[in-house]
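A quick write-up on the structure given underneath.
The values are calculated or read from the model by the stated rules, or taken from the named source; none is laboratory data. Just so we're clear, the structure is a prediction, and the values are computed from it rather than from any experiment. We place every Cβ from the backbone using ideal geometry, glycine too, and count neighbours over all the protein chains shown. Surface accessibility is based on the protein's heavy atoms, side chains included, excluding ligands, DNA and RNA. Shrake-Rupley method; radii C 1.70, N 1.55, O 1.52, S 1.80 Å.
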Amino acid sequence: MRITRLSMALMLAAALTAAHAGESASENPFPLPYASAEDYGAHLRADRLVQQMTLDEKLQFIHSEYQMSQVPGGGAGYIQGVPRLGIPDLNMVDSATGSGSTTQPSTTFPATIALAASWDPRLAYDFGSEIARAIRAQGFGMGLGGGTNLAREPRGGRLFEYLGEDPVLAGEMLAARTVGTQNHKVIATIKHFAGNEQETNRMGGNSQIDERTLRELYLLPFEIAARDARPGSVMCSYNRLNGTYACENSHLLSDVLKNDWGFEGQVQSDWGATHSTAPAINAGLDEEEDVGATVYLTPDLVKQALSTHAVSEARLDDMVRRKLYEMIRIGVLDDPAKAGGSFDFAKANAFTQAAEEQSIVLLKNDNAQLPLSNAGLRHVAVIGGHADVAVLTGGGSGNTRDPVTGNFSGCGGLVFGTSTGCGWWTNPWLKLNVPIVKAIQTLAPSARVSFAGNTDQTQPFRAYTQQEIDSAVALARQSDVAIVVVAQPAGEDFGDLQSLSLANPSNQDQLVEAVAQANPRTIVILENGNPVLMPWKDQVSAIVEAWYPGEGGGQAIANVLFGAVNPSGKLPVTFPVHDQDTPTWGTNGVFAQDPVYSEKLDMGYRWYDAKNIAPLYEFGYGLSYTNFSFTNLSVHRGPGHTLTASFTVRNDGRVAGAEVAQVYLGVNYNGEPPRRLVGWQKVYLNPGETRPVSVTVPERMQSVWDTSSNKWKYVQGNAVYVGASSRDIRLQSR
Ligand code: BGC
């Protein structure tokens, strides 16, 4: 059963570059399961190479060679090739938001959560392509980018690296990104498989998730990407899942991934996530990566396991074959990446700006406060968030550590603190060539643009002093408009956020409230990777969600403020009113060391809908400088239980813009939440233009996981909702 939408099928066809990719099984001249001549050939070549490899050559092919800090080119892992057989070395690097090389300059993209907010698979494809170009030029044939754990825990420290709370949105965006990367001869990894939704007890917390919840929510984005985009690698995660470490969980790696989904690539461990030799290998782990040196899949230990028959030679061959097959299929074996390639940083920088412009979400715009008009604007106050020099990025392996923008030696961001070193998770501020203040000044040339705030760069996140707040207020009072930038840091190995409040880690709410009292035209810009609480929401006139905006972010934000860009992003996560409203808060917000996913399917917007809790801003929400109307819904049920929702969208306003028309389904079945997203289309419309939209929903997206038969089960007669967000439903039908 195919779960793709047409757009994804087209991209996959392009990825395969095979005339036979679209053929049905009966027309396929190649023995199943090969999709094409190329695919068949890749399998044959991989088989032959395995036959020619010695035991030692195979053993060196299943673990990373160097200690992490010594990987050439500043990469994260390195597999030695076999030159006598023409098998090149394979160097891999983190690639969540650009190259994570620790030694080579790179471009910082907006965070992945921003990409999800664009709801634009084409942009995700380009995002994957751009990053692939960058890392190939640095000598890497594999990118560890493609994080997609769902935002179950809104305070999750790595949420910015992921694609939000909905499995279909996350899966389709991940698939598009993966195809983009692999079309540029870079193997893509999707991660962290699975149940890795929090940082608390990061190296082994036991996520307890029932099978139905797993299949319908947490595994689904991986399934969509694995089937539609065929990533070369899946990274198993640090946590345990239902009692067993993910990297030795045979249900996860073998039953589901390799058998049910037919995944032909390799499973690699997260760095240090392997806990055994034979159990891990037999469960389905194909390659070990470690932060120090290899620990469990060392040649000696694997040889020993072979000699006692704890591991079979056939399984070792399978591990090696999987990697070779992907290297051949994706083009890395015949055309390996070479370090020192040329790369157009200016072009990449322009892309980061365009990507951010698609991803910014306009949350509030009272009395059409935005876009700002240059006419009559004399004094603009920009306050806080280091907006005179930088934007915030997420920390950890999802960061780029030696960005090309700005002046700093060997580390990303402003150099905070007195230490000479700058660890990659302690410098999340990215210094920009065009920071927000400068970009605004360019767009408002006749205005005086002034900055007030925390100009102290000795500590990344200290609180504003009363004196700083007073001068910000004084500046706001003299200005026509006050733009306040607030930022919420998060990162891998920082732990999870204790609260979604901006008061954590500093007194930014107080700053916003003080400025809002001084100037009725106060606009708040948010730089964050998690939902944010906004106790001051009713006191300000406009709110712009910019996420971690990347190195083109200063210009992108200014372009939205002044209307050079009409915002079209939509929230990929729910923003709650209070921490207490979230599904994981419990009675006191204490994180479980071994989380039980007891809310089951009621996660993200499904939770708020099922429990009737009004969010601050709901999933799928985002404003535009124009208005769209929806009319004429018809629902057609076709062969194979496909469902097609057809309707029209019209731009009723006076500027061009894009609407994300969202299709939700109410699946009438025990335990299902009121609505689930089943598809969407982002439609670009000129003023007055009307466009017919058709969204086809495959059977799978209408199904539930039936625990008695351990299979998907189609449920009939469900209600279809079409709208501009998960709660702004404009059309409805059976
Ligand atoms: C992270 C992975 C990352 C790896 C290599 C781990 O700590 O969890 O996402 O790819 O490090 O840097």
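Structure data summary
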{"quantity": "Sites LYS713 and LYS537 - FRET efficiency at Förster radius 56 Å, r taken between beta-carbons, to 0.05", "calculated": "0.85"}
{"quantity": "Rg/Rg_globular for the stretch 353-573, with Rg_globular taken as 2.2 N^0.38 Å and Rg from C-alpha atoms", "calculated": "0.94"}
{"quantity": "Directionally averaged projected area (convex hull, Cα atoms, the stretch 477-607), nm²", "calculated": "9.7"}
{"quantity": "Convex hull volume of the stretch 33-330 per residue (C-alpha atoms, cubic angstrom)", "calculated": "119"}
{"quantity": "Mean projected area in nm² (Cα convex hull; one quarter of hull surface) for the stretch 522-590", "calculated": "5.9"}
{"quantity": "Along principal axes, Cα extents of the stretch 620-661, largest first, whole Å", "calculated": "41, 20, 13"}
{"quantity": "Cα centroid separation, the stretch 44-81 to the stretch 348-372 (Å)", "calculated": "44"}
{"quantity": "Distance-filtered residues of the stretch 91-121 - backbone nitrogen under 19 Å, label point 7 angstrom along SER342 Cα→Cβ", "calculated": "105-107"}
{"quantity": "Structure-based [θ]222 nm, the chain - -39500 (n - 2.57) summed over DSSP H runs of at least 4, per residue, nearest 500", "calculated": "-7500 deg cm²/dmol"}
{"quantity": "Residue (of TRP585, LEU90, ALA346) at the positive-pole extreme of the chain, dipole from beta-carbon charges", "calculated": "ALA346"}
{"quantity": "Between the stretch 494-519 and the stretch 253-321, the alpha-carbon center distance in angstrom", "calculated": "46"}
{"quantity": "Estimated D of the stretch 202-301 in µm² per second, where Rh is the Kirkwood radius over Cα pairs and Stokes-Einstein applies at 10 °C, 1.306 mPa s", "calculated": "116"}
{"quantity": "Among beta bridges that DSSP assigns inside the chain, antiparallel share in %, nearest 5", "calculated": "60"}
{"quantity": "The chain - convex hull of alpha carbons, volume per residue in Å³", "calculated": "148"}
{"quantity": "Accessible-area composition of the stretch 33-330, carbon plus sulfur, in percent [1.4 Å probe]", "calculated": "48"}
{"quantity": "Counting all C-alpha pairs of the stretch 136-278, share separated by more than 26 Å (%)", "calculated": "16"}
{"quantity": "Size of charge dipole - the chain - debye, nearest 20, with Cβ of Lys, Arg +1 and Asp, Glu -1, no other charges", "calculated": "1460"}
{"quantity": "Peptides 680-689, 432-441, 494-503 ordered by average Cβ neighbours within 10 Å, highest first", "calculated": "432-441, 494-503, 680-689"}
{"quantity": "Surface accessible to a 1.4 Å probe, per residue, for the residues of the chain, Å²", "calculated": "34"}
{"quantity": "Highest average packing first - 609-616, 170-177, Cβ atoms within 10 Å", "calculated": "170-177, 609-616"}
{"quantity": "Relative intensity, log₁₀ I(q)/I(0), of the stretch 478-536 from a Debye sum that treats every alpha carbon as a point, q = 0.25, 0.26 Å⁻¹", "calculated": "-1.01, -1.07"}
{"quantity": "Dipole of the chain, positive direction: furthest Cα of LEU44, SER312, MET203, with charges on the beta-carbon", "calculated": "LEU44"}
{"quantity": "Equivalent ellipsoid semi-axes, the stretch 307-377, via Cα gyration tensor eigenvalues times 5, rooted, Å", "calculated": "54, 21, 9"}
{"quantity": "Two-site FRET efficiency, THR442 against ALA37, from Cβ-Cβ distance with R₀ of 41 Å, rounded to 0.05", "calculated": "0.15"}
{"quantity": "Partner lysines for LYS58 [C-alpha distance under 20 Å; skip if fewer than 8 residues away on the same chain]", "calculated": "LYS303, LYS323"}
{"quantity": "R0 of 35 Å, Cβ-Cβ distance TRP261-ALA463: FRET efficiency to nearest 0.05", "calculated": "0.10"}
{"quantity": "Equivalent ellipsoid semi-axes, the stretch 626-733, via Cα gyration tensor eigenvalues times 5, rooted, Å", "calculated": "30, 13, 10"}
{"quantity": "Cβ-defined net charge surrounding ASN670, 12 Å radius [Lys, Arg +1; Asp, Glu -1]", "calculated": "+1"}
{"quantity": "Rounded accessible area of TYR78 (nearest 10 Å², 1.4 Å probe)", "calculated": "30"}
